[in-house]
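Some notes on the structure that comes next.
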Amino acid sequence: MPLLTPETVRQVLHDMWGYDVAGDDAERIANMAGALATGARHLSSLGLAGIEPPFGYPMLIADAARLAAEKR
């Protein structure tokens, strides 16, 4: 996995949003992003297939049907 460097973080934040961050902050952001990317690679091993997010489309449809039935 490519390493996200503090210099890359600083450049992206500056170029895209005009933010200037200190070196220590850029280093912390780069470390956090690296940890998130590493963790994301292991999500499939948790056995979450078939579990919808709490506000996914099927849940919203079921909630709408429940609310419509209560109004009748």
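Bear in mind these aren't lab numbers, they're just calculated from the coordinates by the rules spelled out. Here the structure is a predicted model, which means the values were calculated and not measured. We place every Cβ from the backbone using ideal geometry, glycine too, and count neighbours over all the protein chains shown.
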Discussion item. So I have (i) 3, 14, 13, 12, 10, 8, 12, 11, 7, 6, 4, 1, 0; (ii) 3, 18, 28, 23, 17, 8, 3, 0; (iii) 3, 16, 17, 14, 12, 9, 8, 7, 5, 4, 3, 2, 1, 0, and one of them is P(r) over Cα pairs in 5 Å bins from 0, in percent calculated from this model. Which one is it?
Written reply: (i)
Practice prompt. Positive end of the charge dipole of the chain (Lys, Arg +1 and Asp, Glu -1 on Cβ, about the Cα centre): tell me which of Leu43, Ile29, Leu13 has its Cα farthest that way.
Written response: Leu43
Worksheet item: For the chain, modelled as a Gaussian network with Cα springs under 10 Å, which listed residue fluctuates most, Gly50, Gly39, Gly23?
Response: Gly50
Item to complete: For n ≥ 4 DSSP H runs only, could you compute -39500 (n - 2.57) per run for the chain, divide by its residues and tell me the 222 nm figure to the nearest 500?
Response: -20500 deg cm²/dmol
Worksheet item: By how many degrees, between 0 and 90 and to the nearest 10, does the Cα long axis of helix 6-17 differ from the longest principal axis of the chain?
Response: 60 degrees
Worksheet item: For helix 57-71, what angle does its Cα long axis make with the longest principal axis of the chain, in degrees from 0 to 90 and rounded to 10?
Response: 40 degrees
